[in-house]
Structures are given as structure tokens and as C-alpha cells.
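Report on the following structure.
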Amino acid sequence: MALHKNQIISLSISGITSEGNGIGRCDGMAVFVPYTVPGDQLMAKVVKVNKSYAYAIVDRFTRPSNLRVEPDCPVFGKCGGCSLRQLSYQAELELKQDWVRQDLRRIGKCEPSMLPIIPSPNADRYRNKALIPVAMGENGKAVSGFYAPRSHRVLPCADCLLQPVEFAAITAAVLDYINSCFIKPYDEISHKGLVRHIFLRKAEETGQVMVVLVVTDFALPHTGLLVEKVRAACPNVSGVLLNRNDAVTNVIMGKETKLLWGSGVISDVLCGVKLDISPLSFYQVNRRGAQLLYAEAARMAGLTGKELLLDLYCGAGTIGLSMAGKVRELIGVEIIPQAVENAKTNAAANGVTNARFLCADAGQAAAKLAEEGLKPDVVLVDPPRKGCSLDTIEAICAMAPQRVVMVSCNSATAARDVELFAQRGYKATQARAVDMFPRTANVEAVILLERNNRK
């Protein structure tokens, strides 16, 4: 019997996709149901039918799974962020390990030695960064929160359980400033308004907090009042800045930043390395988890102190600098100029004299270094979610390093890249999932690729 919209069907959930949707089957057709977990038995309402699969929502549970826990967030199921908050943490870890394994098997066509997943030290309050959209509420007052799934509709949320407690107080102070000064939030439909996002960053080791308002124009009125209110809300605020983004785009941050008060960076310590972090620098959102992640990457790199280490997509230099004491020379490559300057500053602040950093696209830099005859022993790649470009992979292979250590926040694109490396003589020998993003449908992976010297 063909499924149709608004039909009520009986389902048993057998798994969860990497998007966080439960999977059931009805008459042989896959049906995806958000916020369900393996073992759930339910009646579901079909909301969309495609040729080979359908989407449904929960109508009622007939027998909830024993893996299910009670969500403790008032906007759970609405904001779309914590898509696994209804699942026990142990079950979440097992699920994420399987996601990485299955991606490597199906997409990467390989089965490396799979080490047990590394849990996050904290399942809540672990995020050191928040990008919070601002919009006009129904009562004519500015509100902030999270976008509803697949929309630009902001769901008000006073406090996210993934964020530090200070962020709620700062956000409330910013909204108070916006409303008391009658400043118009940005409207995603008309593309008019001044304030788009509140961007917050916290340095866990020092406690310093950076406050950035993403605006369409630097001409923000009464900025002294803004500084006064956020400092009163959180004494650990060390800098207040504006970031200008007047483009019609889904990209949150613009390229220009203006300091209103205090420092333009926050200082943190990661893997024993002192770091200055600017608004546009990449920095892992889960610091304690990142220390475990980087330790695993260093272990896979097999460093003895004699190696030349090439760190592509290096950001502010965090992962490479954490290994600088274990190599002969470190070369970092990053395309964002501000991040490269941060990396150079961070190296100097830590007394690292065997590192240099280049501002360039990873693929172009790797090709240039290959032309110069550079022969790194180990290449470390930590690309964005879209993975490595083909040019980058070919340039890495042209330099013929013995080992490539891939750190990835998207195991599907990582697995695709693993297959491309395999075609060029590199075999994935070890892999490990690291849970950097508890309660969400995201997981980090570290993969070791070793060169086949006989090829």
C-alpha cells in the first residue's frame, strides 16, 4: 500500500541517521521521524512522501524505547540544535561510533582499525562559542534565540544548556540595550535592520569573554551604553566589538571588525599552548574535548622529534603548536589573514621557534611547497565540513609524506577523501570518533592514512 500525506502509520524505529532522524520502515519504505530513538514503537503521521522514502512526525508513542531519556530543555524539538537530547549519552556514543564506521565502510570503501569513541568530558555547558540570531519579536521587542529548522524564524531562548551560564546574562544585557535604544534587528526577508547576531566567545582557562555584535553598519548608536550593560552583566567581559556584514547572505560574519572597548582577542590555554583568539579565528568549541582530540591526532602522527610537520587549515595554529615540541619543524597554512597573525603571535608567546605560518589556500600552498621540493614526514589536515579539495589531496600526495592525519567534523566527506587518498597510494589504517558535540548529530573523527611505499 502506497503511503500518502497525513496517513497515520505504525512504526518501529531501528536506527538514527547522521541528521538525527529516527528510521523506521512501512511496507518496505524507509520513513524518517525526528526526535525518535532505536527501540521506539509509535504511531506516526506522514508529512511528506518521496519515491523511495517518506518523512513523518510522532503522533503518539505506543512503547517508548529504554534508550530514551526525558529532554530537559524548554525548546527541545523546536530549535533543532540538540537533536539527540532524547537519547541516553551512552547510546549516543555508540551511535556516533557506528556513524563513523559506516561512512568509512560505505563511502571510503575501507575498514581501518576502529578504536573506541572518546566521550566529551562534559555533555552540557561545553560550548565556548555562540552565534545567536536577533530578530523582532511579536511584541515589537528584539528577541534572540535559535533559528527553527530550515527557516529564518527565531525561536526565543533565554539560556541554552550547551553554552556557559554567562552567555545568558550577556545576551539579556544586549537585548536590553537594543530595546532601550530602539535599534532595529535585521529582518531576513526585507534585509533591513541593524543588528544581525550576538557572537560570544569564552576562554575557559582565563574566563575571559568576548562580545561581538554583527551589524549591517558600524554606525551603532550609544555604544558606550552597550559596553556598560554587558560589563555589568558579566565582569569577565574583556572586549566588546562590532563585526560588519551588510551582504544578503547566510554567512554570519563579515570581514571587517571594529573594537569598541577592551581587547580584540581572548587568551586561552589548549594542550599547554597559550593562545590569543580573535573573532574570525577558528577555535574548537569544546576545549576539553579538543585536548583529547589533539592528543589522539598526535598519537596517530607518531612524532619522534625528527619530523617536518605540515599543518593545513591550521587556523590560529592550535593543533600544530600543540605538537611543535615533538617535531623538527612545523609549517602551518591558513587562508584567513587574521588567523595567520594569531598563529604567529601564539607561536612567539609560547617560545616556539621551529614554526612558520603561511597565508594561502591549503591546496595552492601545498602545491607551492611541493614545487619547492618540500618533503614533510607527516601532514595534518583539519578541513571545513566540505572536506579537502582535490587539489589539496593531489598536492599532499605529490609531497609523499609517510603519514597523513585527518581530523574531520564530517565523517562522510572525510570518508570520500579517504577513498581519494587510497587511489593515490594511502591506506586508512586507524580511525577514532571523538565526541566534541554532545546532544547534537555531529561527531569528530581522527583518521590515520599511511603511505604504501611499494606503490
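The values are calculated or read from the model by the stated rules, or taken from the named source; none is laboratory data. This structure is a prediction, so every number in the text was calculated from the model and none was measured. Here Cβ is always computed from backbone atoms with ideal geometry, including for glycine, and neighbour counts include all displayed protein chains.
Looking only at residues of the stretch 48-70 that are charged (D, E, K, R) and assigned to a loop (DSSP other than H, G, I, E, B), we find that the one that is farthest from Gly22 (Cα to Cα) is Lys51. Within the stretch 143-157, residues that are polar (S, T, N, Q) have Cβ atoms under 8 Å from residues that are modelled with pLDDT under 90 and surrounded by fewer than 14 Cβ atoms within 10 Å (Cβ to Cβ) in no pair, counting only partners at least 6 apart in sequence or on another chain. Applying a threshold of 7 Å to beta carbon distances and a minimum spacing of six or more residues, or different chains, the list of pairs starting in the stretch 1-23 at a residue that is within 21 Å of Arg150 (Cα to Cα) and in the same structural domain as Tyr55 (by TED's automatic domain parsing) and ending at one that is in a loop (DSSP other than H, G, I, E, B) and polar (S, T, N, Q) reads Gly20/Ser83; Gly22/Thr36; Ile23/Ser14; Ile23/Thr17.
Across the stretch 407-421, not a single residue is classified as in a loop (DSSP other than H, G, I, E, B), under 22 Å from Leu115 (Cα atoms), of a type in the set (Gly, Ala, Ser) and touching a Ser or Thr at 6+ places or on another chain (Cβ under 9 Å).
Among the candidates Lys386, Lys427, which residue alone is in the same structural domain as Asp361 (by TED's automatic domain parsing) and under 12 Å from Gly108 (Cβ atoms)? Unique residue meeting the criteria: Lys427. Assess whether Thr257 counts as being in contact (Cβ under 8 Å) with a residue 12 or more places away in the chain, under 23 Å from the mean Cα position of the chain (by Cα) and under 25 Å from Leu194 (Cβ atoms). Yes; evaluated as a whole, the condition is true for this residue. If we scan the stretch 381-398, do we find a residue that is closer than 29 Å to Arg125 by Cα and outside any loop (DSSP other than H, G, I, E, B)? Yes, there is a match, as at least one residue in the stretch 381-398 is closer than 29 Å to Arg125 by Cα and outside any loop (DSSP other than H, G, I, E, B). Among the residues making up the stretch 120-141, those that are assigned to a loop (DSSP other than H, G, I, E, B), surrounded by fewer than 18 Cβ atoms within 10 Å (Cβ to Cβ) and in contact (Cβ under 8 Å) with a residue 40 or more places away in the chain are Pro121, Asn122, Ala123, Asp124, Arg125. In the set (1) farther than 28 Å from Asn250 by Cα; (2) surrounded by 15 or more Cβ atoms within 10 Å (Cβ to Cβ); (3) not assigned by TED's automatic domain parsing to the domain that holds Ile16, Val58 fails one condition alone, (3). With respect to the conditions (1) of a type in the set (A, V, I, L, M, F, W, C); (2) within 24 Å of the chain's Cα centre (by Cα); (3) under 30 Å from Pro112 (Cβ atoms), Leu308 lacks only one, and its number is (2).
Just the residues that are surrounded by 17 or more Cβ atoms within 10 Å (Cβ to Cβ) and farther than 16 Å from Asp98 by Cα, please, taken from the stretch 421-438. Answer for the stretch 421-438, where residues must be surrounded by 17 or more Cβ atoms within 10 Å (Cβ to Cβ) and farther than 16 Å from Asp98 by Cα: Phe421, Tyr426, Ala428.
Elements of the type strands (runs of 3 or more DSSP E) sitting completely within the stretch 239-289 and holding at least 1 residues that are modelled with pLDDT under 95 and touching a helix residue (DSSP H, G or I) at 6+ places or on another chain (Cβ under 8 Å): these cover 266-270, 273-277.
Got a number for residues in the stretch 314-341 being outside any helix (DSSP H, G or I), of a type outside the set (Ser, Thr, Tyr) and closer than 17 Å to Val381 by Cβ? So the answer is 13.
A quick yes/no check of all residues on (1) within 30 Å of Val418 (Cβ to Cβ); (2) hydrophobic (A, V, I, L, M, F, W, C):
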residue: Pro38; (1), (2): yes, no
residue: Lys45; (1), (2): no, no
residue: Tyr53; (1), (2): yes, no
residue: Asp59; (1), (2): no, no
residue: Thr62; (1), (2): no, no
residue: Cys79; (1), (2): no, yes
residue: Ser88; (1), (2): no, no
